[in-house]
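The values are calculated or read from the model by the stated rules, or taken from the named source; none is laboratory data. From a predicted model like this one, the values you see are computed outputs, not experimental measurements. Neighbour counts are summed over all protein chains in view; Cβ atoms, including those assigned to glycine, are modelled from backbone coordinates with ideal geometry. Only protein heavy atoms, including side chains, enter the accessible area calculation; ligands, DNA and RNA are left aside. Shrake-Rupley method; radii C 1.70, N 1.55, O 1.52, S 1.80 Å.
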Amino acid sequence: MTTFLIKAAQFILALLLLVLLHELGHFFFSKLFGARVNKFYVFYYWKFSLWKKKIGETEYGVGWIPLGGFCQIDGMVDETQLDKEKFKAPPKPWEFRSKPAWQRLLIMLGGVLVNFLLALFIYSMIMFAWGDSYVATKDMTCGMSFNNEAKAIGFRDGDILLSTDLREFKSFDADLYRDLSKAKECRVLRDGKTMTIPMPGNLNLLDMMKASPSFVTPLIPAVVDSVLPEGPAKAAGIMPDDRVLAVGGQTVNSWNEIFDILGHRSDGLIDARTRRDSLDLRTVSVVFRHAEAATADTATIVLTPEMQFGVTVASAVGNYKETHIAYGFWSSFPAGVKYGINVLGGYVGDLKYVFSSDGVKSLGGFGTIGSLFPSVWNWHLFWLMTAFLSIVLAFMNLLPIPALDGGHVLFLLYEMITRRKPSDNFMIGAEYVGFGILILLMVVANLNDILRWIGVM
């Protein structure tokens, strides 16, 4: 319950900040050009609001439905103003519809502009406060593990990924997968030699990432992170930082190999007819070496019924050298801008997969977004997620769907090019259609969350 509350609190705080600043972008340009703002709300409300106060011509408030917010600009067709009778009257000087098209365009782009600039600013401040820390793929000295599809292309377990014809790999992240999917060739370090592997250049990124096992995963060094009390490893004398050298007579260098060996033994448990058969499968010899020792020890271990050693394993990058780059105040801005633009490029490039059947299943709603936040309060991760959501919010609002800022921008560009303004009736109809599309997308995304939660997907 505590984990849920921490994740929920971070999500709501990030959403509150992003919605507030997005609507302030619209508000700023509206006031700049003399357009009256009737209501300014963070979050929506129905029947009642959590707080409201009228200051001048504008009612400010906080709603109780965390689905966004709104800046109700007088004389503008949006989800809060769909009264056809109102638009039959001649436009007033303070109304949105009476303003020149270029001013209306800036008013509509205000929220997107603020969210995009906010993301770049947050990324810059992250670079300034924490710098950039990562484990370079070239420093993952155990190499990587590849599935059968990757091996058919030419990869081998233990290969260390270096670069593609697109660029050098930085760290093991989504960008690595994106580059592999589009690359014509990939350079790896194999047995101390650099080799070039021809690539198809058109691998499906979604298939690569959702495959089981994945297209590529880092090999985890066979080093014990910690030992559980009263477990098999503890009884055998295995200690933290010990390195496992062999299991069941097979030499190993990584936990990936160890898990594979144990997986085969676990499969055999299904056919075990007697308790003795089960015990034989769970009994393995383990060769290990203490952290500072020159020689190895051998022990016979009876694994738990779940085929566990009774140890914990560090993360895939936990045993490798970390690269850290620190930035001064001014140098953090170009670094943050570069990082933010790379995030945006990756997000936009991945959107093409949404229009596939698997892509629709991958959509997530509030539950998915909330789960991305850490289970403990971590300001570094919080700001990284907030900046990412700000970029997502900016781009999604630019999609040419009526009811979104992008839909209004599309119609304004049409008006500026053709010198013909769409009728108010058309705009009202388009708003209904766009709002229906958004509701449908929201239902699908949150339904996916529910199906994942109950184990259907």
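Values for this structure:
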{"quantity": "For region 218-232, Karplus couplings with θ = phi - 60° (6.51, -1.76, 1.60), whole Hz, Gly/Pro x", "calculated": "x, 6, 8, x, 6, 10, 6, 7, 8, 10, 6, x, 6, x, x"}
{"quantity": "Rg over Rh, two decimals, region 247-308 (C-alpha only, Kirkwood Rh)", "calculated": "1.02"}
{"quantity": "Those aspartates and glutamates that a straight Cα-Cα span of less than 12 Å connects to residue 184, excepting residues fewer than 8 apart in one chain", "calculated": "165"}
{"quantity": "Efficiency of FRET between residue 371 and residue 138 - r from beta-carbon atoms, R0 41 angstrom, step 0.05", "calculated": "0.80"}
{"quantity": "Greater than 20 Å apart at Cα, pairs in 39/92; 7/52; 7/321; 210/352; 138/170; 7/352", "calculated": "7/52; 7/321; 7/352"}
{"quantity": "DSSP H segments from the chain that extend 30 Å or more along their own axis, Cα-based, with Kyte-Doolittle mean of -1.0 or above", "calculated": "2-32, 101-130, 424-453"}
{"quantity": "Stokes-Einstein translational diffusion, region 51-150 - Kirkwood Rh over all Cα pairs, 1.002 mPa s, 20 °C, in µm²/s", "calculated": "112 µm²/s"}
{"quantity": "Candidate aspartates and glutamates - alpha carbon under 16 Å from residue 234, same-chain residues fewer than 8 apart omitted", "calculated": "225, 242, 297"}
{"quantity": "Residue 67 versus residue 173: modelled label distance in nm, points set 7 Å from Cα along the beta carbon direction", "calculated": "3.4 nm"}
{"quantity": "Sequence-distant lysines (8 or more away, or on other chains) whose Cα lies within less than 21 Å of residue 88", "calculated": "99, 421"}
{"quantity": "Volume per residue of the C-alpha convex hull in the chain, rounded to whole Å³", "calculated": "203 Å³"}
{"quantity": "Förster-model FRET efficiency, 56 Å R0, residue 45 and residue 210, C-beta, rounded to 0.05", "calculated": "0.90"}
{"quantity": "Rounded accessible area per residue of the chain, 1.4 Å, Å²", "calculated": "53 Å²"}
